[in-house]
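First up is the structure itself, then whatever we jot down about it.
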Amino acid sequence: MKAALKPHLLPFLALLTFLALTVGGAYLPLGPANLFLALTIGSSKTLVIALFFMELKKADTLLRIAAFVGVVWLMIFLMLALTDYFTRFPGSLL
Amino acid sequence: MITSAPPSPRERLQPSYLSDGTTLGSWLFTRDHKRIALLYLFSITTFFLVGGTAAILMRLELLSPTPYLVTSETYNRLFTLHGVIMVWFFLIPAIPNVFGNFLLPLMIGARDLAFPRLNLASWYIFMAGAALVLYSILEGGADTGWTFYTPYSSTYSNGYVVAMASGIFIAGFSTIITGLNFIVTIHTMRAPGLRWFRLPLFVWSLYSTSIIMVLATPVLAITLLLICLERLGGIPIFNPNFGGDPLLFQHLFWFYSHPAVYIMILPGMGVVSEIVTCFSRRRIFGYTFVAYSSLAIAFLGFLVWGHHMFVSGQSIYSGMIFSLLSFLVSIPSAVKVFNWTATFYQGRIRFDTPLLYILGFIGLFTIGGLTGLVLASLALDIHLHDTYFVIAHFHYIMVGGMVMAYFAALHFWWPKITGKIYPEWPARIAAVTIFIGFNLTFFPQFLLGYMGMPRRYPYYPPEFHFLNVCSTCGAAVLGLGYLLPALYLTYSLFFGPKASDNPWRATGLEWQTTSPPPTRNFLEIPVVTREAYDYDYIDSPLLADKEAHDD
Amino acid sequence: MNWLPFPPEASSYSGRVDTIFFSLLALCFVVALGVFGLILFFCVRYREGSSAPRSAKRPHSAPIEVTWMVIPMIIFLVVFVFAGKEYAYMYSPPSTGTEIDVVGKQWMWKMLHADGQREIDQLHIPINQDIIITLTSEDVIHSFYIPAFRIKHDAVPGSYSRFWFRAVKAGTYHIFCAQYCGMNHSQMIGEVVAMAPNDYAKWEEQGHPASDMVQSGETLFHQVGCSGCHAPTATIHAPLLEGLYGKPVALQDGTIVTADRQYLRDSILLPNKQIAAGFAPVMPTYQGQLTEEQVNELVAYIISMRNAQTPVEQRNTAP
Amino acid sequence: MTTEEVPLAPPEEQFVTAQQQRHAATFGMWIFLATEVLFFGGLLVVYSAYRIWYPNDFAIGSRHLDIVLGTLNTAILLTSSFLMAGAITAARLLDRRTTCLLLFLTAGCGAAFLTVKGYEWHTAISNGFWPASGTQPHGVDLFYSLYFVMTGLHGLHLLIGISLLVATSIRFLRGVSFSPNQNQITLLGLYWHFVDIVWIFLFPLLYFIGRSS
């Protein structure tokens, strides 16, 4: 049991600290930067899981591209769709 | 004329995939990509006929300004049925699932796709989705149009929207699985020596189409799921009475649907590249540019969906952004058309049926593409949006382009699929009839569009009457044209002469195995040493005597 | 350009839209001619068995490829700029003009003139005057389309869309519903009657306009209880509406918005969407109790008070 | 201690080497995960559009969610990912007992997450926050429509994951041979980690709006 879990302990602890960070960070009065902070911590947690638990670190570039292509397309969709929502009514700029 | 040769010695060793098991079970539980391709061929042909009858009924209805054949209620259900069946059950699966399934392993020198069981599952999922859509049609059908715009589809329509939407939701998974299967196969199972830039351009177009299939269809799934939740569970996602935004539905829907129209046309472009090179006996002009233009279409196709919403109340600035991007997405298509034209230069052109269809494709697709530019310019789209100009534009690309390419592929690979040769002259007559019927049907609709006739109108003011009558006459000729291939192709199944391994003397690994090919495709996996479309080598005298020496 | 069966150029910018269309069409014709001509020429010259020279087999030439990518891009940019400018011009109405409210309802168009005149599926307008349309819908998405004026805009339920046109040719033209909206979508056809100014004036009198929109707005203001809180004499601490229209309003979350029609409409139907600073969110929503016309009348009444300088002005700015 | 590759079973007939088959399967799984990213992505676009339109109402809705339970749920899912990674390593070491145990524990964490989430749903509904309540302002109604749809969809994916985990661990308890199926556990692990990543993004987006002001 220990042999199986030992290699993954370090990433797991990193994840827990990130969790504590993000919950703590939620209460800091940063205004819009709050969302940015939450998303960066979220993506760093995702990176830890992807690289260590999902073994992207050892994977070849093909798997890495397949891993990130979905996120890239989502960014395209979000950015272009939100150009409409940011500019449709004059007062709605974040 | 294509050559019909006596069966080559290797033929007797390996039974063809058609004669390898004749029980129903051997067809319904097959894992052979070629048999699954034929299963898809039968399914989409029936759906093409169903969608076609709906189209003919609509055209008959439009013969007179006031409805005389069907009430406007039935007309609304007819155009919804025509849209849904044609888009999701004919255009999207036609070339990828039939010719992609059949030819991809053959073209890259593999014995089958990466996941054969998943491939069969995709056909069953496709038929399950089709069953749900047919159930919805038989119960009365949805009357929302294939676009399902809210709030009409979610609150006001009384048709069977949830049954139709879940049918398409399920059929969407069949597209995702096909795309996933193709991407993995192309990446991991190419024959030795078959580098990316030696791949036939049909494989490049299938690769780009699979990228769109995999990345766009999930958004359709979530959109249809949200409509069903809103309609059944009353969860107000797009409902304006709860502060929701109907335009948000349009953003989600068109983020899928515009890449979906590239899923429909890209494989057709791959077929054109194959046939243009084979019948002008010449290497394609600018191979890398044509290959990369497929990828460029796949990527840029995701950036332009807002041009469907110029008049919908979307902000002016995002309208500008989408209009600019829509102009950019036409560049790769233009590159393809120019390269095909340049490929005819200094070729030895033979006007067999596949090339007739492809000449029709290039002509009609160019007109369709150019009118797309007209619709992408903002000021003109204000006038032309939701009119018959748009109907003519996308039919020029879908029917004039994609269906012509589908028929060209059907005739070009018919000897390889069935081992029989179709009669040449009836095929040429059919091709010309389809071309004439098509233009008579859809060119008047451009004029109707600029005159301001809106789409989805069973009633219309009398000044549009004459052009609608012309369009209906054209539809009759077009309908007849589509029936002709069914006749002489079935005739060729029983009475057609036996086809040799390579009747067109074309390049490509699929022509180096017997036709119809054995179940495991190749006796031994071929090693590729030559560049793609090396027709100089095939036509060179030294190959002719080497082959004579072989037999 | 009227020898073609195309609709007449009856609005100020329809001429410009036609010129863009026909110049782009000519451009496309040239390109199509080039491609088809070349293919035809090659097919005849290089058909099988012809004796044409076939020596130079240069299957690839990057410069040609780049040129037929760059040239179309430049042409497209030029067309984009012209069409984009026109688009912005058509969809941003001038500040002053004859205001008309159009409400799309399942299978009819309801027009509401500024002076309270109501019309169904008919729109009488004077020519050579800027007409500003405020468009909304009561149920599903419709699309207000006048081919003769080359103008179209979707009527989206839940929000106002504003655009404008100026008729330059008298006559009767179709109004179509271009966005599919249900069973009688194809019968949702109306008529625009563009009239010379004196005919329009004659029509206006005998048209005996019902009570003025602002007056009916005022009666409604008291009828449905707005005056209970918003009248200057009211005891309840609610934002004063005199002089509100067009002025900036500070919201509770610190942002500043201008009190335009959308803000007024949202405050009536969705009061908690944007709460004014310093006021409790106690206002009840009128969603479902008022029809679109009544909301329009209330908004018109509030707009009519925009320059009413009452002593209570400073009360608005209470902390 | 490197986990050396256990000799693989002969590949299916359309593949040339077993290594090629494993690589194809893993690549296929990653592509499937890309489709899932876009499936949840559609919901993220709806969320962002309405968050721009109704910043205050989303803050009100978010404050009514219990952040302690949310943090607990995230911790549970992170541990389940940790256990899942352990199960994959145990499978590579051919340690049958540990693999089954870790698979069961991961499924247990998933079940714990669902119970906590069920409790949160119950409290939200009893407080009068459900999709079309009509009593709340529009933005709050939309927030809770999104909350229920997003967590419901995520819960459904969790349910599928749990049933696969239980089924796989039972098959291994019954002594199914390891070598050909080693790949299946890795694929299941990829799916499970993905479902955890979805929650990692859902948690701050749903629970943290307007906490600081």
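Can you tell me the dipole magnitude for region B:22-83 around its Cα centre, using point charges on the Cβ only (Lys, Arg +1; Asp, Glu -1), in Debye to the nearest 20?
280 debye
Residues with beta-carbon under 14 Å from that of B:Phe310, excluding B:Phe310: net charge, scoring Lys, Arg +1 and Asp, Glu -1?
Here the charged neighbours net out to -2.
Taking K and R as +1 and D and E as -1, what net charge do the other residues with C-beta under 10 Å from the C-beta of D:Ala90 add up to?
Neighbour charge sum, excluding D:Ala90 itself: +2.
Which one, C:Ile74, B:Ala221, B:Trp27, is farthest towards the positive end of the dipole of the protein assembly as shown when Lys and Arg carry +1 and Asp and Glu -1 on their Cβ?
B:Trp27
Below 20 Å, Cα to Cα, which lysines can C:Lys152 reach? Residues fewer than 8 away in the same chain don't count.
C:Lys85, C:Lys105, C:Lys110, C:Lys169
Any idea what angle helix B:201-228 forms with the longest principal axis of chain B, computed on alpha-carbon atoms, 0 to 90 degrees, nearest 10?
Result, in degrees: 30.
What would the Debye equation give as log₁₀ I(q)/I(0) for chain B at q = 0.05, 0.13 Å⁻¹, counting only Cα atoms as equal point scatterers?
Debye intensities relative to I(0), on a log10 scale: -0.20, -1.39.
Before rounding to the nearest 500, sum -39500 (n - 2.57) across all DSSP H runs of length at least 4 in chain D and divide by the residue total; then give [θ] at 222 nm in deg cm²/dmol.
Using -39500 (n - 2.57) per qualifying helix, the result is -27500 deg cm²/dmol.
Kindly provide the trypsin sites (Lys or Arg not before Pro) of region B:162-199 that DSSP labels as loop, not H, G, I, E or B, and whose Cβ sees at most 12 other Cβ atoms within 10 Å.
B:Arg195
Between C:Ile141, C:Ile151, C:Ile39, which gets the highest mean-square fluctuation from a Gaussian network model of chain C, Cα cutoff 10 Å?
Answer for the Gaussian network model of chain C: C:Ile39.
Note the angle between two axes, namely the Cα long axis of helix B:33-61 and the longest principal axis of the Cα atoms of chain B, as a number of degrees from 0 to 90, rounded to the nearest 10.
Here the helix axis deviates by roughly 40 degrees.
Evaluate 2.2 N^0.38 Å with N set to the residue count of region B:298-339, then give the Cα radius of gyration divided by it.
Against the compact-globule rule of thumb, the ratio is 1.29.
State the antiparallel share, in %, of DSSP beta bridges confined to the protein assembly as shown, rounding to the nearest 5.
The answer is about 70 percent antiparallel.
Viscosity 0.890 mPa s, temperature 25 °C: Stokes-Einstein D of region C:117-267 from its Kirkwood Cα radius, in µm² per second?
For the chosen part, D equals 133 µm²/s.
Where does chain C land at 222 nm, in deg cm²/dmol rounded to the nearest 500, when only DSSP H runs of n ≥ 4 count, each adding -39500 (n - 2.57), divided by all residues?
Counting only the DSSP helices, I get -11500 deg cm²/dmol.
Would you please name the trypsin sites (Lys or Arg not before Pro) within region C:40-143 that are DSSP coil residues with at most 13 other C-beta atoms within 10 Å of their C-beta?
C:Lys57
Which one, C:Ile189, C:Ala250, C:Ala231, projects farthest toward the positive side of the charge dipole computed for region C:106-261 from Cβ point charges (K/R +1, D/E -1)?
Comparing the listed Cα positions along the dipole, C:Ile189 ranks first.
Taking the Cβ-Cβ separation of A:Thr61 and D:Arg96 as r and a Förster radius of 45 Å, what is the calculated FRET efficiency to the nearest 0.05?
Efficiency computed from Cβ-Cβ geometry: 0.85.
Rounding to the nearest 10 and keeping the result within 0 to 90°, find how far the Cα-based axis of helix D:96-126 lies from the longest principal axis of chain D.
Once rounded, one gets 10 degrees.
About the Cα centre, and with charges only on the beta carbon of Lys, Arg (+1) and Asp, Glu (-1), how big is the dipole of the protein assembly as shown? Nearest 20 debye, please.
That gives the protein assembly as shown a dipole magnitude of about 3340 debye.
Among rounded, prolate and oblate, which fits chain D when a ≥ b ≥ c are the square roots of the eigenvalues of its C-alpha gyration tensor, a/c under 1.5 means rounded, and a/b larger than b/c means prolate?
In terms of gyration-tensor shape, prolate.
Using only DSSP helix segments of four residues or longer, with each worth -39500 (n - 2.57), what per-residue ellipticity at 222 nm results for chain B after dividing by its residue count and rounding to 500?
-21000 deg cm²/dmol
What trypsin sites (Lys or Arg not before Pro) does region D:104-213 have in DSSP loop regions with at most 11 other beta carbons within 10 Å?
Loop-located and lightly packed - D:Arg174.
Quick one: Cα centre-to-centre distance for region C:100-151 and region B:186-219, in angstrom?
Cα centres, region C:100-151 to region B:186-219: 51 Å.
What spacing in nm lies between the two simple spin-label points modelled at B:Glu531 and C:Asn128, each 7 Å away from Cα in the Cβ direction?
Taking the two extended label points, one gets 6.9 nm.
Does the protein assembly as shown come out rounded, prolate or oblate, given a ≥ b ≥ c as the square roots of the eigenvalues of its C-alpha gyration tensor, rounded meaning a/c under 1.5 and, failing that, prolate meaning a/b above b/c?
Because a/c hits 1.5 or more and a/b fails to exceed b/c, the protein assembly as shown counts as oblate.
Quote the charge dipole size of chain B about the Cα centre in Debye, to the nearest 20; the model charges only the Cβ of Lys and Arg (+1) and of Asp and Glu (-1).
About 700 debye.
Take the alpha carbon gyration tensor of region A:1-57, find the square roots of its eigenvalues, order them as a ≥ b ≥ c, and report rounded if a/c is under 1.5; if not, report prolate when a/b exceeds b/c, else oblate.
oblate
GNM on chain C, C-alpha springs below 10 Å: top fluctuator among C:Thr96, C:Thr67, C:Thr136?
Maximum fluctuation in the GNM of chain C, among the listed residues, is at C:Thr67.
Name the most mobile residue of C:Glu119, C:Glu297, C:Glu65, meaning the one with the largest mean-square fluctuation, in a Gaussian network model of chain C with Cα contacts below 10 Å.
In this elastic network of chain C, the residue with the biggest mean-square fluctuation among C:Glu119, C:Glu297, C:Glu65 is C:Glu65.
Quick check: pseudo-label points 7 Å beyond the Cα along Cα→Cβ at B:Leu63 and B:Phe29, how many nm apart are they?
5.1 nm
Every number in this text was worked out from the coordinates using simple rules, so none of it is lab data. For clarity, every value in this text was computed on a predicted model and none was experimentally measured. Quick reminder, even Gly has a Cβ in these numbers, built from the backbone with ideal geometry, and neighbours come from all protein chains shown.
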